[in-house]
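J.: Okay, handing you the structure first.
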Amino acid sequence: MQVDHDMADAKLRLSGFLAVNHFLAASDVLRRTFALDPEDLLIVLTVALGSVQRMLRNPDPDGLALSTALVEQDRIVAVSRRAVARAADLPRETVRRRVAALLDRGLLLEWEGGLRSARRLVLAAEVRAAIHELLESFAGTCRVLIREGVLTP
C-alpha cells in the first residue's frame, strides 16, 4: 500500500481527520481494555512493544508473523525504566512510580534487570477482542482513504 502525497495534500483536512480519528479510536479501545489512564497505557505499550521490537522489525516464519503461541522467553528483551521514560517522553520519577503500581497490578513483570509485559495480557479474551476492534477500525480508515485516492493498494 502506498500514500499518494498529492492526493493527501488535496484532501489534507479529510486525511488528517481520519488519521487522528483512528488514533483516538485506538487509544479508546486500549484504555477500555486495560482500564488504564493514558500515561499508564503508554508505559505498558512501550514495554510490550519494546520487548519484541526486533521481532516486529524482522518477523521470522516461525515467530511473530505466523504463530499464535507465546513468544519464547529467550527471545524477549527486558526494557529498562530509563528506556521507557525516554521512549514515552515521561519523567523518570513518573515512570518509576507508575511502573511500581503496574507491577502491583500484575500488568508488568520484573525481568532480568528490566521490565516485560505480563504473559496473560496476550492470552486474555478481552485483548483478542480489542485487537479485532483495532483491526476493524484500521481497515475502515484504510477503506475511506483508498476510496478517496489517498492510499493506493
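Computed from the coordinates by the stated procedures, all read-outs in this text should not be read as laboratory data. Since this is a predicted model, take the numbers as computed values, not measurements. Neighbour counts run over all protein chains shown; Cβ positions are idealised from the backbone, glycine included.
J.: What is the gain in length, in nm to one decimal, between C142 and A101 on full extension, counting 0.36 nm per residue of separation less the C-alpha to C-alpha distance?
T.: Between C142 and A101, full extension yields 11.1 nm more.
J.: Then there is this: Express in nm, to one decimal, how much length is gained between E110 and V127 on full extension, taking 0.36 nm for each residue of separation and deducting their alpha carbon distance.
T.: 4.0 nm
J.: Sorted from fewest to most neighbouring beta carbons within 10 Å, what does the list D4, D28, D40 look like?
T.: D28, D4, D40
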